[in-house]
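Trainee: Just dropping this structure here.
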Ligand code: B12
Ligand code: SF4
């Protein structure tokens, strides 16, 4: 292992920080790495990289040398180690979700073996929502438990960790944290740095330049399975005029043809959407770029068809909607705030406006029975046969940290955490560095996992016949 990294000298530093977005799979060593088909840039991590690299963000002085590496671009762990070593950083920042915490641990093991002694900063939802568990795997690290823009600048400025709001760490083995306030979205962006330097623009599956964007953070709803209200807090909007100014820059200066909004709920009422439409028109950007957004069925069911048609003419051609279940009883239990009737109304309105819809479904929810799942499968089939959905995805329900489900699972004594994909993870010298129990992928269903998976599989086959054909299923 050390051999290929032999020329590394960690005693001097070129970069202040290397930020690595941890890959979601263990990619093989390759001179020509291949990105996964569903690749999307890690917008949170690049916001943080931009905040560190840019003087203008947040008005805090300081400009740091930052290298950002997206492990999701198909790089192997060895390549990530090599790329990190080449920058000789003071700090290494890792962005990970719960699903990839095992891979993050493996990467750190290899960095240490290769002699990279940089201090470790953890970020992303995996660190934010369960800092105790993250620190159990990386005891020497500093964990970012809030939005990372301010944290990274204060840390690199050399402020004592104990004074930095939004961090947690183990000091003499004792867990300490200092919570932070939410950022006021609107003062924390620097689109030039974010997109030019750190890969917020990429070539998508259709070979078209695409950008990822946020027009808001947080969410005002509280669905029982979702961690966003806990991690990001109440919704904060950026002024639409500024969002559209960034769109103009991306379209005219960067040549972007498609924009993917990562907002949890982009279509958030007619007033804000009217501002979106009129700002685009003022800048002659109507239809200049295609948008993909997420929205809620209840909001869409109240949005007029004429408003939706205006959004379509402005470029919103696809809306993703969390439908989750075909059973009103289940929808009530998971506090989704929607009903079957609302879903139908929302999808009818989108179809009338010429907008394609993608549905997201879940199976294996707490107290869900086979008849409930059967109802969902029939609902999926009905929506497809009536041409109300273009496609969609079905998932196995999991209790993520910071959700009502996790609390419920703990109460029920059913937090049977399992990492069916990656664990246990071993370091390069063969030691087990992460136990399965560190990865929460909890099933809460009343019926067996095999039955639930069968429903997930059948729903996905209905929703994505082409994909499944390609995979030879
Ligand atoms: C877009 C999106 C995706 C995209 C792209 C993800 C990406 N590359 O960023 C795709 C479709 C690929 C995706 C896939 C999945 N996703 Co997703 N996704 C989102 C979504 C809607 C937006 C992400 C985002 O940009 N947020 C806004 C940014 C600003 O926030 P952020 O990423 O948390 O970053 C901030 C902090 O975390 C921190 N930070 C981030 N990185 C770093 C790094 C350092 C060094 C530091 C210090 C700080 C720091 O600072 C950032 C800025 O303030 C979120 C919901 C949400 N609201 O976050 C779900 C969400 C992250 N996804 C989720 C899930 C479950 C998944 C999947 C497992 C789905 C599945 N079943 O396959 C996969 C897992 C992918 C993986 N690699 O592990 C869950 C995660 C739940 C959890 N607790 O872990 C979320 C929270 C949705 C939810 N509400 O439940 N996802
Ligand atoms: S699922 Fe969507 S609407 Fe519900 S709380 Fe999460 S982000 Fe908000």
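The values are calculated or read from the model by the stated rules, or taken from the named source; none is laboratory data. Keep in mind that this is a model prediction, so the values were computed, not measured. With ideal geometry, Cβ positions are generated from the backbone for all residues, glycine too; neighbour counts draw on all protein chains shown.
Trainee: Please verify whether the range 313-331 includes one or more residues that are within 20 Å of residue 462 (Cβ to Cβ) and assigned to a helix (DSSP H, G or I).
Mentor: Yes, some residue in the range 313-331 is within 20 Å of residue 462 (Cβ to Cβ) and assigned to a helix (DSSP H, G or I).
Trainee: Among residues belonging to the range 114-129 that are within 8 Å of ligand 1 (Cβ to nearest atom) and more than 13 Å from residue 100 (Cα to Cα), point out the one that is surrounded by the fewest Cβ atoms within 10 Å (Cβ to Cβ). Lay out the reasoning, then the answer.
Mentor: Residues of the range 114-129 within 8 Å of ligand 1 (Cβ to nearest atom): 121-129.
Within this subset, residues satisfying the condition of being more than 13 Å from residue 100 (Cα to Cα) are 121, 128-129.
Values: 121: 25, 128: 26, 129: 21.
My answer is 129.
Trainee: Residues in the range 337-362 that are out of contact with any strand residue (DSSP E or B) (no Cβ under 6 Å at 6 or more places or on another chain), within 22 Å of residue 462 (Cβ to Cβ) and outside any helix (DSSP H, G or I): how many?
Mentor: The qualifying residues number 2.
Trainee: Can you tell me which of (1) surrounded by fewer than 19 Cβ atoms within 10 Å (Cβ to Cβ); (2) within 11 Å of ligand 1 (Cβ to nearest atom); (3) at pLDDT 90 or above is the one residue 180 doesn't meet?
Mentor: (3)
Trainee: Also: Looking at (1) in contact with a strand residue (DSSP E or B) (Cβ under 8 Å, 6 or more places away or on another chain); (2) within 14 Å of ligand 1 (Cβ to nearest atom); (3) not in a loop (DSSP other than H, G, I, E, B), which is the one condition that is false for residue 165?
Mentor: (3)
Trainee: Within the set of pairs 6+ apart or on separate chains, which have a first residue in the range 18-33 that is assigned by TED's automatic domain parsing to the domain that holds residue 72, a second that is within 16 Å of ligand 2 (Cβ to nearest atom) and assigned to a loop (DSSP other than H, G, I, E, B), and C-beta atoms under 6 Å apart?
Mentor: From residues that are assigned by TED's automatic domain parsing to the domain that holds residue 72, there are no pairs.
Trainee: Right, something else. Being more than 14 Å from ligand 1 (Cβ to nearest atom), crowded, with 19+ Cβ neighbours inside 10 Å and either assigned by TED's automatic domain parsing to the domain that holds residue 42 or under 20 Å from residue 212 (Cα atoms) (or both) is the requirement here; does residue 273 meet it? Steps first, answer last, please.
Mentor: Details: more than 14 Å from ligand 1 (Cβ to nearest atom): yes; crowded, with 19+ Cβ neighbours inside 10 Å: yes; either assigned by TED's automatic domain parsing to the domain that holds residue 42 or under 20 Å from residue 212 (Cα atoms) (or both): yes.
Considered against the rule, which asks whether it is more than 14 Å from ligand 1 (Cβ to nearest atom), crowded, with 19+ Cβ neighbours inside 10 Å and either assigned by TED's automatic domain parsing to the domain that holds residue 42 or under 20 Å from residue 212 (Cα atoms) (or both), residue 273 comes out as yes.
Trainee: What residue, among those in the range 97-111 that are in contact with a strand residue (DSSP E or B) (Cβ under 9 Å, 6 or more places away or on another chain) and over 16 Å from residue 81 (Cβ atoms), is farthest from ligand 1 (Cβ to nearest atom)? Break it down stepwise before answering.
Mentor: Residues of the range 97-111 that are in contact with a strand residue (DSSP E or B) (Cβ under 9 Å, 6 or more places away or on another chain), as a first pass: 101-109, 111.
Right, trim to over 16 Å from residue 81 (Cβ atoms) and you get 101-102.
On the way: 101: 9, 102: 11 Å.
That would be 102.
Trainee: Name the residue that is surrounded by the fewest Cβ atoms within 10 Å (Cβ to Cβ), counting only residues in the range 286-299 that are touching a helix residue (DSSP H, G or I) at 6+ places or on another chain (Cβ under 8 Å) and either free of Cβ contacts under 8 Å to residues at least 24 places away in the same chain or more than 19 Å from residue 218 (Cα to Cα) (or both).
Mentor: 287
Trainee: Moving on. Would you confirm whether any residue within the range 234-242 is under 29 Å from residue 137 (Cα atoms), within 15 Å of ligand 2 (Cβ to nearest atom), in the same structural domain as residue 291 (by TED's automatic domain parsing) and at pLDDT 85 or above? Break it down into steps so the answer makes sense when it comes.
Mentor: Pass one, the range 234-242, residues under 29 Å from residue 137 (Cα atoms): none.
Taking every residue of the range 234-242 in turn, none turns out to be under 29 Å from residue 137 (Cα atoms), within 15 Å of ligand 2 (Cβ to nearest atom), in the same structural domain as residue 291 (by TED's automatic domain parsing) and at pLDDT 85 or above.
Trainee: Taking residue 199 as the residue in question, decide whether it is within 14 Å of ligand 2 (Cβ to nearest atom) and either touching a helix residue (DSSP H, G or I) at 6+ places or on another chain (Cβ under 8 Å) or within 20 Å of residue 44 (Cβ to Cβ) (or both). Break it down stepwise before answering.
Mentor: On the way: within 14 Å of ligand 2 (Cβ to nearest atom): no; either touching a helix residue (DSSP H, G or I) at 6+ places or on another chain (Cβ under 8 Å) or within 20 Å of residue 44 (Cβ to Cβ) (or both): yes.
Judged against the criteria, residue 199 is not a match.
Trainee: Given the conditions (1) modelled with pLDDT under 95; (2) crowded, with 21+ Cβ neighbours inside 10 Å; (3) not assigned by TED's automatic domain parsing to the domain that holds residue 109, which single one is not true for residue 207?
Mentor: The number of the failed condition is (2).
Trainee: Continuing with the same structure: Take the residues in the range 221-247 that are free of Cβ contacts under 8 Å to residues at least 40 places away in the same chain and surrounded by 18 or more Cβ atoms within 10 Å (Cβ to Cβ), then tell me which one is farthest from ligand 1 (Cβ to nearest atom). Before you say what the answer is, go through the steps one by one.
Mentor: Start the filter on the range 221-247 by keeping residues that are free of Cβ contacts under 8 Å to residues at least 40 places away in the same chain, which leaves 228-229, 235, 240-241, 243, 245.
Then drop every residue that is not surrounded by 18 or more Cβ atoms within 10 Å (Cβ to Cβ), which leaves 228-229, 235, 240, 243.
On the way: 228: 4, 229: 8, 235: 10, 240: 18, 243: 14 Å.
By that ranking, first place goes to 240.
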